[in-house]
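Working notes for the structure below.
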Protein chains: 4
Amino acid sequence: MTTRDSQAPDSAEAPVREASSTFRPVAAGMEAHLNVYHPLLDHGFIAVKDYMGDDLSVLQMARMSYGKGTKGTSNDRALLRYLLRHLHTSPFEGCVIKLHVKLPIFVMRQWVRHRTASLNEVSARYSILPDEFYLPDPSLLAVQSTDSKQGRGETLAPDRAAEVLRLMTEDARHNFATYHRLLNADDEGRTVDAAADGLARELARIGLPLSTYTQMYWQTNLHNLMHFLRLRADPHAQWEIRVYAEKILEIMKDWVPVTHEAFCDYQLEAARLSRMEVGLVKALLAGRATMADATSFGLSEREAREFAQRFGL
Amino acid sequence: MTTRDSQAPDSAEAPVREASSTFRPVAAGMEAHLNVYHPLLDHGFIAVKDYMGDDLSVLQMARMSYGKGTKGTSNDRALLRYLLRHLHTSPFEGCVIKLHVKLPIFVMRQWVRHRTASLNEVSARYSILPDEFYLPDPSLLAVQSTDSKQGRGETLAPDRAAEVLRLMTEDARHNFATYHRLLNADDEGRTVDAAADGLARELARIGLPLSTYTQMYWQTNLHNLMHFLRLRADPHAQWEIRVYAEKILEIMKDWVPVTHEAFCDYQLEAARLSRMEVGLVKALLAGRATMADATSFGLSEREAREFAQRFGL
Amino acid sequence: MTTRDSQAPDSAEAPVREASSTFRPVAAGMEAHLNVYHPLLDHGFIAVKDYMGDDLSVLQMARMSYGKGTKGTSNDRALLRYLLRHLHTSPFEGCVIKLHVKLPIFVMRQWVRHRTASLNEVSARYSILPDEFYLPDPSLLAVQSTDSKQGRGETLAPDRAAEVLRLMTEDARHNFATYHRLLNADDEGRTVDAAADGLARELARIGLPLSTYTQMYWQTNLHNLMHFLRLRADPHAQWEIRVYAEKILEIMKDWVPVTHEAFCDYQLEAARLSRMEVGLVKALLAGRATMADATSFGLSEREAREFAQRFGL
Amino acid sequence: MTTRDSQAPDSAEAPVREASSTFRPVAAGMEAHLNVYHPLLDHGFIAVKDYMGDDLSVLQMARMSYGKGTKGTSNDRALLRYLLRHLHTSPFEGCVIKLHVKLPIFVMRQWVRHRTASLNEVSARYSILPDEFYLPDPSLLAVQSTDSKQGRGETLAPDRAAEVLRLMTEDARHNFATYHRLLNADDEGRTVDAAADGLARELARIGLPLSTYTQMYWQTNLHNLMHFLRLRADPHAQWEIRVYAEKILEIMKDWVPVTHEAFCDYQLEAARLSRMEVGLVKALLAGRATMADATSFGLSEREAREFAQRFGL
């Protein structure tokens, strides 16, 4: 066995990509992404390390189930859209993606909530973490949102933004300086003061900030990836994880273009109407009601407001 | 999109395999298996339809976690064996296999107990099942095992075996004949009696025997595959599923040879000693006890018997 | 330890229920279901054997996450409905139900597709299965549906229905008779012919029909239960599994009434509009389009037809 | 619905426990733990909030599978030990535990790697985190272990330990002070400087250290709990998570005493012998070899050393 490098290449280098011959399904659009490191945030990245399957693999799985009936009658694109529309999700599990991701720890903590995935993360018990932490761009610094109880509202005034950034930077730098004093080691693990003991890595790291960058290999199937994207490419997700989700959405478009289009049409940009909203729409379309009647159909005030907004009323 | 055939090829045909170029890791031994249909039992088969990763992919995942420390010091084979020995299982999740399997329904019912896998099965609500059912080879017909409460004991006498096979064959054939009478359709779905109604497929199939063949696509990662193999390539597993597990074990050897060897050494052919057995071994090795003392170390009579057997005492 | 009976009580008996004192949350409506066997189909049943949590447990999990913000401002019912509406599903995992279910094997085979659950099923390798198989009521015997490619259409004419039932009954009885001839054992496991060998149970059972009854303990959390109910209490599910799903839906109503109401409003009776349908609804409500324009908004012919039907146009 | 408090009670208070009547199985030893907050580390705790099942529930699940055969012949304790010894794990999934845990974020990050569990964690996007961070006891401060590449070796000298603690304390305090300056809010969320904007919570928290305490509800079944305990009550686990695992192990003993004993005997204190070690043990017991021959049986030098140590040779 000859070792393949598992670390991100120096950004100056071209991606390490050796072509081989395979009898497996190949997704041309995805091949172009392999081992290409897409930079994200100030020090992060995403790179596709491996994948399995394509749009046709989904259909192959589906046609196994539905048999001859689905062969003649419907073309490929129509069947694939039918599957997503009707939430026949198991055929999408036949496609798999493996990503190398570098991301701040607070983003990682949101990411791991998606349990149906495989992951391996850098261990700070074994390794010394490099001095890399996330600093938001000043344009992203905002006050607490007043209407959603989470998320961000108005952007901070430039003076306050500058002060905030200065405080963040100073603290993170200070934490990393302390980290090395505790370890009694520099970035390369070399002892600094030969007379002093270094603290064990698993303890020295507990003072590092949540903005510290970590790395992982993350692998999931297309069904669970779409679930991840529904939640994390959503405006309610924290901006810093949304950046990753949106890059993955782009990659998905190159990997499985027909599934991507159907996913946008039937899930990402779809709307769900409650029983009460279905009743309201029926009445509105029949001319039996106006939006002023919304609450009499069982919608709460808030639901009525959101409904009106969504449908431009 | 151009449809790829999802059905097993006619046995007379050569496997459908088109070579493409890829930047992904390629496992040479596995490429040779792609779309090759290995016959099993009387009408079953297994074929590899797709895979992801190889021995080096496991190491790449592991080295991501353990960092520089694992780079210089240990060679690839040693690290891979270390991982399996110490049950560091997550790096093995980075390899995935997708199989096309044709198998009797009673085997399928054991197979689906392994939940961490993706599967798509032929639906007998959509399709008419072909007239194929499993008949054991006469040499496999045996009485109930007396010591294990499950499984088989002595082989039946030839006369009784012949009678058993005759009964099995007649019944299964009769069930399939009734199936077509209920459907009012032949194998190809053509109406038999234009004047009669056919029963819905989802109801007509409920009289088919558990020996009826079904098909599925089954996909799992290498970690879960090894768990499957530990349970199903085991002598306690029913012979008919063991046949499938053993074929997969052969395929695994061609796919990830180093992992396969480590899996045999540290798991398949390993033994687990209870706290009591550890105490007994210590005492035996120190010459402080003989097997006659086994129960005084806390082993039950049965455990003592099995221990003696395993260690040739 | 004193053994608790794991088998279904004789229907003539009262449920075995001993009251104990507990500090755990108690759902009064669910207590009334404990160990009560609800008969289903001709020989099946469902009984609640254990449960954990109630509506308030869901809120307790949610309030842990959202903190003080959710305490004063919203009342319990509103918060619970908010959670389901916005697919904040993890708090619902805090409630668990354990059911004892007796069901035909072909229903079991659909049921096990729900992987995020725990189950233990009767093993026909260890035990002799009782002579019980499912026979549909004549009113349920129908032709294959022409529009859905699965499912049932028109009911069979009485003569044909009678013939179908007769064939089904004869075959199943015959299969069970053969089963006992192969086993050389009666229902109680007593040898029939002392001079003949009985075939091992794991082989004798392979000729039994898919309509044979089996039993299982099945346990899942409330989040996954609702997913099960969305798919199996749906008109597209086979009638025989829907019967079970609908009984569970009734039990759920007694267990977690507020969650049940929200589940019906926001999921079971909700509609999902695709991106194209959202565009169409907007235009219809603004008077900028009529249903005749549906396909110009990107709906397929079939989608347009289904849309019109759903909204009474 | 009347809200139940989801927060940890003030330590001065008695646990909130109201007795109710239930028809469910009750584990007396576990009732005593309900809502009792066990303090751990300097600010952490574990409390049992709910549970389902007991030792007998495991047997009930198992007897469902194995049928009458297991009824008369074996007593309860023997059957339960048999199940664990032979890795028949599914019956253990029938028991569930729900814990309220307060723990440092770096411990949480190890904990969430156990994916087959349900959890809800405090969100620092919604709430302001209290000023609580973990400081190790001086006796725990140690150098990096030299033999395991992870973990701790010799304890630090008192002077160095004091310096390390001072640095850790100063930094964490400073980070929390900055947190409040960024938020422009005190612990209670009250604005500090009316003229200044507060930064959104989701951004202000990214500078907090990994030692910051968080809280979660964590729920898993007994099978997965034992897997968690095997890995986290192990000497290779970081001391700070082991403290939690050992407390859970104590709770488990009160909950399911027979399972706990079997778990210790057959898993926690068991040994696994590789194929090579089995060969060596056989030879040693037969007097055909001595430890000097270990590597000729295929053990690596390291494996031979560890083997000798384990068996006192």
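The values are calculated or read from the model by the stated rules, or taken from the named source; none is laboratory data. Because the structure is a prediction, the values reported are computed rather than measured. Quick reminder, even Gly has a Cβ in these numbers, built from the backbone with ideal geometry, and neighbours come from all protein chains shown.
Below are the figures for this structure:
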item	result
Test result for D:Thr295, among the β-branched types (Val, Ile, Thr), exposed (fewer than 15 other Cβ atoms within 10 Å of the Cβ) and in a helix (DSSP H, G or I)	yes
Count of the range C:271-307 residues which are touching an Asp or Glu at 6+ places or on another chain (Cβ under 7 Å), more than 14 Å from A:Arg310 (Cα to Cα) and of a type in the set (Ser, Thr, Tyr)	1
Given (1) over 23 Å from B:Pro91 (Cα atoms); (2) crowded, with 18+ Cβ neighbours inside 10 Å; (3) modelled with pLDDT of 95 or more; (4) more than 9 Å from chain B (Cβ to nearest Cβ), index of the condition A:Val48 fails	(1)
Enumeration of residues in the range A:102-124 that are among the charged types (D, E, K, R) and either in a loop (DSSP other than H, G, I, E, B) or within 14 Å of chain B (Cβ to nearest Cβ) (or both)	A:Lys102, A:Arg113, A:Arg115, A:Glu121
Filter result for D:Ala177 (among the aliphatic types (A, V, I, L, M), assigned to a loop (DSSP other than H, G, I, E, B) and either assigned by TED's automatic domain parsing to the domain that holds D:Thr259 or without any contact (Cβ under 8 Å) to a residue 40 or more places away in the chain (or both))	no
Test for B:Leu222: is it within 14 Å of chain D (Cβ to nearest Cβ) and not β-branched (Val, Ile, Thr)	no
Cross-chain or 6+ apart pairs with Cβ under 6 Å, the range B:147-167 first and assigned to a helix (DSSP H, G or I), then buried (at least 17 other Cβ atoms within 10 Å of the Cβ)	B:Arg160/C:Asp197; B:Ala161/B:Leu141; B:Val164/B:Leu141; B:Val164/C:Leu182; B:Val164/C:Leu199; B:Leu167/C:Thr178
Some residue of the range B:206-214 being crowded, with 21+ Cβ neighbours inside 10 Å and in a helix (DSSP H, G or I)	yes
Residues that are in contact with a strand residue (DSSP E or B) (Cβ under 9 Å, 6 or more places away or on another chain) and either more than 24 Å from D:Ala289 (Cα to Cα) or modelled with pLDDT of 95 or more (or both), drawn from the range B:280-310	B:Leu280, B:Val281, B:Phe307
The range B:29-58: number of residues that are out of contact with any Lys or Arg (no Cβ under 6 Å at 6 or more places or on another chain) and at positive phi	2
Any chance D:Val58 is within 25 Å of C:Thr214 (Cα to Cα), at pLDDT 95 or above, crowded, with 18+ Cβ neighbours inside 10 Å and more than 7 Å from chain C (Cβ to nearest Cβ)	yes
Conditions (1) assigned to a loop (DSSP other than H, G, I, E, B); (2) more than 20 Å from B:Cys95 (Cα to Cα); number of the one not met by B:Pro39	(1)
Scope the range D:110-146; condition in contact with a Gly (Cβ under 9 Å, 6 or more places away or on another chain), without any contact (Cβ under 8 Å) to a residue 12 or more places away in the chain and not β-branched (Val, Ile, Thr); matching residues	D:Ser123, D:Gln144, D:Ser145
Residues within the range B:257-298 that are farther than 22 Å from D:Cys264 by Cβ and of a type in the set (Asp, Glu), tallied	3
When residues of the range D:238-290 are limited to those that are polar (S, T, N, Q) and outside any loop (DSSP other than H, G, I, E, B), the one surrounded by the most Cβ atoms within 10 Å (Cβ to Cβ)	D:Thr259
Residue in the range C:275-297 that is charged (D, E, K, R) and touching a residue at least 60 places away in the same chain (Cβ under 8 Å) present	no
Single unsatisfied condition, A:Phe307 versus (1) among the aromatic types (Phe, Trp, Tyr); (2) out of contact with any Leu (no Cβ under 6 Å at 6 or more places or on another chain); (3) more than 11 Å from chain C (Cβ to nearest Cβ)	(3)
Qualifying residue in the range D:187-201 (condition: more than 7 Å from chain A (Cβ to nearest Cβ) and touching a Pro at 6+ places or on another chain (Cβ under 9 Å))	yes
Residues satisfying the stated conditions in the range A:34-45, i.e. out of contact with any Pro (no Cβ under 6 Å at 6 or more places or on another chain) and either over 21 Å from B:Met61 (Cβ atoms) or more than 9 Å from every other protein chain (Cβ to nearest Cβ) (or both)	A:Tyr37, A:His38, A:Pro39, A:Leu40, A:Leu41, A:Asp42, A:His43, A:Gly44
Answer from B:Asp131, B:Asp171 - the residue that is modelled with pLDDT of 95 or more, closer than 30 Å to C:Leu167 by Cα and not in a helix (DSSP H, G or I)	B:Asp131
Test: residue in the range C:87-105 that is under 30 Å from D:Glu188 (Cα atoms) and acidic (Asp, Glu)	no
In the range A:225-236, residue surrounded by the fewest Cβ atoms within 10 Å (Cβ to Cβ) [restricted to those that are without any contact (Cβ under 8 Å) to a residue 40 or more places away in the chain and over 23 Å from A:Gly94 (Cα atoms)]	A:Pro235
Out of B:Ala177, B:Ala200, sole residue that is touching a Gly at 6+ places or on another chain (Cβ under 8 Å) and of a type in the set (A, V, I, L, M)	B:Ala200
Some residue of the range C:215-229 being more than 30 Å from C:His33 (Cα to Cα), touching a Ser or Thr at 6+ places or on another chain (Cβ under 7 Å), at pLDDT 95 or above and not in a helix (DSSP H, G or I)	no
Positions within the range B:286-300 being in contact with a Gly (Cβ under 8 Å, 6 or more places away or on another chain) and either of a type in the set (S, T, N, Q) or facing chain D (nearest Cβ under 8 Å) (or both), in sequence order	B:Ala286, B:Gly298
Residue in the range C:171-187 that is surrounded by fewer than 17 Cβ atoms within 10 Å (Cβ to Cβ), among the hydroxyl-bearing types (Ser, Thr, Tyr) and farther than 30 Å from C:Leu225 by Cβ present	no
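Here's the yes/no breakdown for (1) under 23 Å from the mean Cα position of the chain (by Cα); (2) surrounded by 19 or more Cβ atoms within 10 Å (Cβ to Cβ); (3) at pLDDT below 90; (4) more than 11 Å from chain B (Cβ to nearest Cβ):
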{"site": "A:Gly69", "(1), (2), (3), (4)": "no, no, yes, no"}
{"site": "A:Tyr126", "(1), (2), (3), (4)": "no, yes, no, no"}
{"site": "A:Ala142", "(1), (2), (3), (4)": "yes, yes, no, yes"}
{"site": "A:Asp159", "(1), (2), (3), (4)": "no, no, no, yes"}
{"site": "A:Leu165", "(1), (2), (3), (4)": "no, no, no, yes"}
